[in-house]
Amino acid sequence: MNSKATHTQLIKTEAKRLGFLSCGISRTEFLEEEAPRLEKWLNKNMHGQMSYMENHFDKRLDPTKLVEGSKSVISLLLNYFPSEGQKDPNAPKISKYAYGTDYHFVIKDKLKQLLQFIQDTIGEVHGRAFVDSAPVLDKAWAAKSGLGWIGKNSNLITQKVGSFYFIAELIVDLELEYDTPVTDHCGSCTACIDACPTQAIVDPYVVDGSKCISYFTIELKEEIPNDVKGQFDNWMFGCDICQDVCPWNRFSKPHNEPLFNPNPELLEMTKKDWEEITQEVFSKVFQKSAVKRTKFSGLSRNIQFLK
């Protein structure tokens, strides 16, 4: 085995040991296909008030602008599919990804360990870890690395495990063996498009972010517009509809990351409990959760909007 192959194998084995679902690697290069798509999406204002999407356009498309001299993008998936859900069928719903500890902390820690392993085992390698908080097109890199295809709901989908996982990257200045993309297996299925209550999937493979329930319940800081009242299907934080109806998600298996286990109180809360939630309960239940992003005032606004 040459050193590229040996290094690649070492990294993939360690990624698995750290609990990642899968690991794919691609060469750092300008994302030519994504450039016009991203530009068109921004020009059509599909990012709504997520103004940060307009920043660092060149960095989003060229990882060498994020990590000088970088050669490889190591893409990683981490499963978050829970073994159980909220008990009360009438309770306002929370997206599954936010049940446990905020994924940014969990994954950042694993990525740091992986980078440290690379440096300890292979030598002087420079790189940076990215978890959905920097201008990196996660899904594009994961698809390029053969970890799945981007579906009609714009999520990365994998035949064996569906789409309930986080995507993260290490961008490093080390040459490795590169994976190849897989084919699209959405076929003629339109389950996600048909099921979206706010018609956010405006075309196959194109999601208008400003129409998405996740956008209204997490990103939008002002009052939710009245013209979407009654369309949220009881979602108070995020939305899983387009994933729940995706046929590939029948292959989802529960995660084995203890930090993603929910606060038991969260699953037990009834509709009444949510409607009467106090700042104290919010702080306790969501102490380390991604739900803190919307703050108590934001979650209360969302719950009131569902009434």
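The values are calculated or read from the model by the stated rules, or taken from the named source; none is laboratory data. Being a predicted model, the structure only gives us computed values, none of them experimental. Please note: Cβ atoms are built from the backbone with ideal geometry, for glycine as well, and neighbour counts cover all protein chains shown. All accessible areas refer to the heavy atoms of the entire protein, side chains included, with ligands and DNA or RNA removed. Shrake-Rupley method; radii C 1.70, N 1.55, O 1.52, S 1.80 Å.
A few notes on this one:
- Shape analysis of the chain based on the Cα gyration tensor places the equivalent ellipsoid semi-axes at 33, 22, 18 Å, largest first.
- Solvent-accessible area per residue, Å², over the chain with all protein chains present [probe radius 1.4 Å]: 49 Å²
- Positive contributions from Lys and Arg (+1) and negative ones from Asp and Glu (-1), summed over other residues with Cβ under 10 Å from the Cβ of Phe282, come out at +2.
- Only Lys, Arg, Asp and Glu carry charge here, each on its Cβ (+1 for the first two, -1 for the last two); on that basis the chain has a dipole of about 400 debye about its Cα centre.
- Here the accessible area of segment 200-299 is 54 percent carbon and sulfur, with a 1.4 angstrom probe and all protein chains present.
- Charge dipole (debye, nearest 20) of segment 1-133; +1 at Cβ of Lys and Arg, -1 at Cβ of Asp and Glu: 280 debye
- Taking the C-alpha atoms only, the angle from helix 103-122 to the longest principal axis of the chain is near 10 degrees.
- Whole-Hz ³J(HN,Hα) from phi, Karplus 6.51 cos²θ - 1.76 cosθ + 1.60, for segment 52-62, glycine and proline x: 4, 5, 7, 7, 6, 3, 5, 5, 4, 9, 9
- Whole-Hz ³J(HN,Hα) from phi, Karplus 6.51 cos²θ - 1.76 cosθ + 1.60, for segment 9-24, glycine and proline x: 4, 4, 5, 5, 5, 5, 4, 5, 4, 6, x, 5, 5, 7, 9, x
- When +1 charges are put on Lys and Arg Cβ atoms and -1 charges on Asp and Glu Cβ atoms, the dipole computed for segment 139-178 relative to its Cα centre reaches about 380 debye.
- Alpha carbon convex hull of segment 192-262, volume per residue in cubic angstrom: 121 Å³
- Charge context of Val67, other residues only, Cβ under 9 angstrom, K/R +1, D/E -1: 0
- Amide proton proximity set for Ser22, modelled H, under 5 Å, gap of 5+: Leu77
- Ordering Ile150, Ile157 by accessible surface, largest first, gives Ile150, Ile157; the 1.4 Å probe counts only protein heavy atoms, with every chain in place.
- Scalar couplings 3J(HN,Hα) for segment 67-81, obtained by applying the Karplus form with A = 6.51, B = -1.76, C = 1.60 to θ = phi - 60°, are 10, 4, x, 5, 10, 9, 10, 9, 9, 9, 10, 10, 5, 10, 5 Hz; x denotes Gly and Pro.
- Cysteine residues of the chain whose C-beta has no other cysteine C-beta under 4.7 angstrom: Cys23, Cys186, Cys189, Cys196, Cys212, Cys239, Cys246.
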